[in-house]
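Heads up, the thing below is written out as structure tokens.
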Amino acid sequence: MSSLAGYAAGLAVLALAAALARKRGALDAGGVAAALAIGLVLLAASWVALALMIAFFASSTALTFYRYREKERVGAAEKKGGRSAAQVLCSGGVPAAVAAASLLAPEQGARLLFAAASAIAYANADTWAAELGSLSGTQPRLIVKPRVRVPPGVSGGVTPLGEVGAASGSALIALAYYAMTGGNALAVFLLGWAGEVVDAALGALFQVKYVCPKCGVLWDHPVHVCGSETAYLRGFKWMKNEVVNLVTELAVVSAALLTSLHP
Ligand SMILES: [Zn+2]
């Protein structure tokens, strides 16, 4: 296949994925624009990174819709209109920028691809953990204080099922990376999974937390799922889930680039 035909095919795949994501309500209008921008950057920079990003997006979107009503009932569902541009950029922007850096430093291509794959493995682990963990029959416990139980959907809460989800989500990206490059899949898997653990700890320690006065439970938002207004307890109001994702991705990428695990 000539490179021109390859780009045309890549553009067609991106346009199709964007149209499908909009139609199914996986992304809002801004989210579609952000996802297309990331897709175009990856199309120019790295086919492997683009394929990994599509694997992340497709599998995470499918899990978001899986038993959506049950998650909605407990207030742990992704919002109805779809993910926003900020959410898309905070989970896809770092891997896209890292992959694009290989255009400037082609001799570092394998190393940068390893770092981008690790960041995508974390993003997938995080979404799978949230989407499967919120369906868990057992009540989540705060990762930094396991004695404290929190409702499903509260950041920093973990369940065994959510952790299995995180490991599986990271493993999927690691295996796809290995299939396309023969690179260090175990390191990608471990970095992705470790990222999800860091994410949960940051979410538990620094993300804004409220208490519902009626139900007496921790909550991430100013209004509880029961309809009551919640009271501020602790944490930074600007440290939303997207910010936690961005900070964790930068940590995963730094760990991937600074260690000698890369190919
Ligand atoms: Zn309540």
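For the stretch 39-46, putting each phi into the Karplus relation 6.51 cos²θ - 1.76 cosθ + 1.60 with θ = phi - 60° gives couplings of x, 5, 4, 5, 4, 6, 8, 7 Hz, in residue order, rounded to whole numbers and with x for Gly and Pro.
Work the Kirkwood hydrodynamic radius out for the stretch 100-244: mean of 1/r over every pair of different alpha-carbon atoms, inverted, in Å. Present the calculation step by step, with values, prior to reporting the outcome.
Working: mean 1/r = 0.0615 Å⁻¹.
For the stretch 100-244, inverting the mean 1/r across all distinct Cα pairs yields 16.3 Å.
Close amide H partners of VAL223, meaning residues 5 or more places away or on another chain with modelled amide H under 5 Å apart, are THR230.
Evaluating 6.51 cos²θ - 1.76 cosθ + 1.60 at θ = phi - 60° for every residue in the stretch 218-227, the Karplus couplings come out as 6, 8, 8, 10, x, 10, 7, 5, 6, x Hz, glycine and proline recorded as x.
Our coupling estimate for the stretch 168-184, obtained by passing each phi through the Karplus curve with A = 6.51, B = -1.76, C = 1.60 and θ = phi - 60°, is 5, x, 5, 4, 4, 5, 4, 5, 5, 4, 5, 4, 8, 10, x, x, 6 Hz, Gly and Pro reported as x.
Across the chain, the convex hull enclosing all Cα atoms gives 123 Å³ per residue. Ranking SER46, PRO151, SER102 by how far each Cα lies toward the positive end of the dipole of the stretch 13-165 (charges on Cβ) leaves PRO151 at the top. Put simply, when 85-96, 208-219 are sorted by average Cβ atoms within 10 angstrom per residue, most first, you get 85-96, 208-219.
Lysine pairs in the stretch 3-258 with alpha-carbon atoms under 13 Å apart, 8 or more places apart or on different chains: how many are there? Show your work: numbers first, answer last.
Numbers: LYS23/LYS80; LYS71/LYS79; LYS71/LYS80; LYS209/LYS237; LYS209/LYS240.
Eligible lysine pairs with Cα atoms under 13 Å apart amount to 5.
A full extension of the chain between SER3 and ALA110 corresponds to an added length of 36.5 nm, given 0.36 nm per residue minus the alpha carbon distance. The helix-based estimate of mean residue ellipticity at 222 nm for the chain, built from -39,500 (n - 2.57) per DSSP H run of four or more residues and divided by its residue count, is -22000 deg cm²/dmol to the nearest 500. In the chain, taking the dipole from charged Cβ atoms about the Cα centre, the farthest positive-side position among PHE189, LEU246, TYR68 is held by TYR68. Modelled spin labels at ARG69 and SER254, positioned 7 Å past Cα toward Cβ, are 4.6 nm from each other. Calculate how steeply helix 85-104 sits against the longest principal axis of the alpha-carbon atoms of the chain, using the helix alpha-carbon long axis, and give the answer as 0 to 90 degrees to the nearest 10. Computed tilt is about 30 degrees. Panel order for LEU16, LEU135, by other beta carbons found within 10 Å of each beta carbon, from fewest to most: LEU16, LEU135.
Rule-based calculations on the coordinates, nothing more; no lab input. What you are looking at is a predicted structure, and each value in this text was computed from that prediction instead of being measured. Glycine gets a Cβ as well: all are built from the backbone with ideal geometry, and neighbour counts include every protein chain shown.
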